Amino acid sequence: MRLLGLVLLCAACIERPFEEGATPAARAQVDRSALRDVMVPPPPDATPVGAVFGNSAELIAYKLEPPALVPGQRSKLTLYWRCRAEMDAWHIFVHLDDATGTGERIHAEHDPAGGRFPTDAWKPGDVIADSFFFIPGRNPSFLFLGFYTQGDNRLTLNSPGRGRDDGNNRLLAGVLPLAH
């Protein structure tokens with residue numbers, strides 16, 4: 001019995017050999033020449049933000065088109081990101097919360113540029129215009145956003161810039177106004 005215990009103890013201490021061919025996850029490869037419509041700076045009329053996530057992605061600004069929400073009419077929101085350091089694969093979440101406090105929320109979780117330019121393909125210095133469409137409700141909306149992987153795992157909001165940190169690594173970037 002003692003011998004069996006010694007054998008089991010020794011077997012448990014044996015390290016597994018390095019597995020050849022095991023490499024870190026490959027970075028996403030994209031055709032950058034096909035992203036000319038995405039790799040553009042913000043226009044002068046974009047709302048500046050300057051928030052930094054994970055010391056690697058900066059929300060430079062955002063632009064709402066039309067510039068005020070019209071209930072039931074399709075709106076376009078473009079987030080302008082600057083890559084500051086290489087990133088892992090992250091998804092972007094956008095929560096458009098009813099600013100009157102009804103609890104209504106529009107979820108706009110997505111991969112950057114409609115999935116064409118994942119964050120693990122971004123390189124330092126890249127500027128990315130990430131647009132998506134939504135149909136607003138009857139009230140102004142708070143624009144909350146950030147990065148996530150699986151579940152509630154969010155990229156750290158290091159600096160809210162001109163926005164506000166809600167304490168959950170979620171940036172309140174601004175209020176999307178309602179047309180009068």
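The values are calculated or read from the model by the stated rules, or taken from the named source; none is laboratory data. In this text the structure is predicted, and so the values were computed from the model without any measurement. For neighbour counting, all protein chains shown are included, and Cβ atoms are generated from backbone atoms with ideal geometry for every residue, glycine included. Just the protein is used for accessible areas: all its heavy atoms, side chains included, with ligands, DNA and RNA removed. Shrake-Rupley method; radii C 1.70, N 1.55, O 1.52, S 1.80 Å.
Taking amide H atoms as placed 1.01 Å from N in the peptide plane, the amide H of Phe147 lies under 5 Å from those of Phe93, Leu155, each 5 or more residues away in sequence or on another chain. Judged by the mean number of other Cβ atoms found within 10 Å, the most tightly packed of the peptides 139-152, 28-41 leads the ranking 139-152, 28-41.
Roughly how many percent of the accessible protein surface of the chain is carbon and sulfur, given a 1.4 Å probe and a whole-percent answer?
54 percent
With all protein chains kept in place, the per residue accessible area of the chain amounts to 59 square angstrom at a probe of 1.4 angstrom.
So what is log10(I(q)/I(0)) for the chain at q = 0.13, 0.16, 0.17, 0.19 1/Å, when the Debye sum runs over its Cα atoms only? Values, matching the q order: -0.67, -0.96, -1.07, -1.30. Between His107 and Ala85, the simple label model (points 7 Å from Cα in the Cβ direction) yields a spacing of 3.1 nm. Just to confirm the number: angle between the C-alpha axis of helix 2-13 and the first principal axis of the chain, 0 to 90 degrees, nearest 10? For helix 2-13, the angle is close to 40 degrees.
Every Cα-Cα pair of the range 23-100 was included, and the share exceeding 16 Å stands at 65 percent.
Taking amide H as placed 1.01 Å from N in the peptide plane, Gly174 has its amide H under 5 Å from the amide H of Leu143, each at least 5 places away in sequence or on another chain.
Computed over neighbours whose Cβ is under 12 Å from that of Glu104, the net charge equals 0, Lys and Arg +1, Asp and Glu -1.
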